[in-house]
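Below is one structure, written out as structure tokens, with a few remarks after it.
Taken together, the values in this text are just the output of simple stated rules run on the coordinates, not laboratory data. From a predicted model like this one, the values you see are computed outputs, not experimental measurements. When we count neighbours, we look across all protein chains shown, and the Cβ atoms used for this are built from the backbone with ideal geometry, even at glycine.
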Amino acid sequence: MKQRIGEILEPESKSDFLSRGFNIFIISLIVLNVFAVALETMKDFSKLYSGPMRVFEWFSMVVFSIEYGLRVWTCTLKPEFSGPIRGRIRYMLTPSALIDLMVIIPFYLPFFFDMDLRFLRVLRLFRLFALFKMARYSQSLHLFKVVLRDTKEELFIVFAATMGMLVFASGGIYFIENKAQPEVFSSIPAALWWAVSTMTTVGYGDVYPITTLGKIFGGFISMLGLGTFGLPVGIIAYGFVEELQKQKSRPLQCPHCEKEFDAPIDRRKMQR
């Protein structure tokens, strides 16, 4: 029974009808919860449908709580979480398990503590964290997570370089524009907002250089920002292409005869 429940909870098997149905049900429930949180911010709607919305919240949190409990119970089936106590503790400290916990805990807090209504409204926003649960059920989101994990070193280097460029830009514009606009560029941290809006090419127009040298420097920073903020997109795109090529070239194993086949093979035909 434990093994079967674990198979249903994991979205790996597309041929398992119960597993696929459960995944679709949970994804639908997550999307509906996000819509429900958005609709609750509309005063007229929340007053008119407060009863049904509350019932739906109860139903969702009960389902998410049962799912979380079953995942903690069946996590010992995986080698990395073997052990009835330590294995479950390791699982409960994983990012996906913590996200599950952040979704359901705010629902139960009012039963044990007296809380202000405004604080309760804030706690209900934690239901939006259910969006991050979808990464577990979507193969595309799982692929995105794998790509981020494989390119984390390159992304960190780009992030550090970007932070350095922001400091350089804010420092440069401060020394150029401070005398002309002492109230706008009063310090390097104050000039950081201009650097962010300029390098991201947003340019809100609330802070801008007025000196000739400042305008030249601002143009240089704008062009530099196009390349700097475009680098992470290129790295992630390359990571997607590389991961897809790995999946295509990875040998497939027949579930019936335990033979490995070289790609490309139609996975759906093989599963049949």
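Miscellaneous remarks
- Cα→Cβ-extended label distance, 7 Å offset, between residue 159 and residue 27, nm: 2.8 nm
- Contour minus Cα-Cα distance for residue 105 and residue 149 (0.36 nm per residue): 13.0 nm
- Residues 46, 65, sorted so that the one with the fewest Cβ neighbours within 10 Å comes first: 46, 65
- Trypsin sites (Lys or Arg not before Pro) within the stretch 139-224: DSSP coil, no more than 13 neighbouring Cβ in 10 Å: 179
- Available extension along the chain between residue 201 and residue 89 is 35.8 nm, counting 0.36 nm per residue and deducting the alpha carbon span.
- The value of relative contact order for the stretch 173-215, using C-alpha pairs under 8 Å at least six residues apart, is 44 percent.
- Entries of 2/246; 78/248; 179/215 with Cα pairs more than 23 Å apart: 2/246; 78/248
- Inter-probe distance in nm under a simple model that places probes 7 Å from Cα toward Cβ, at residue 59 and residue 183: 5.8 nm
- Taking other Cβ atoms within 10 Å as a rough exposure proxy, 153, 57 sort from fewest to most as 153, 57.
- Inter-part distance, the stretch 204-252 to the stretch 40-98, computed on C-alpha centroids, equals 37 Å.
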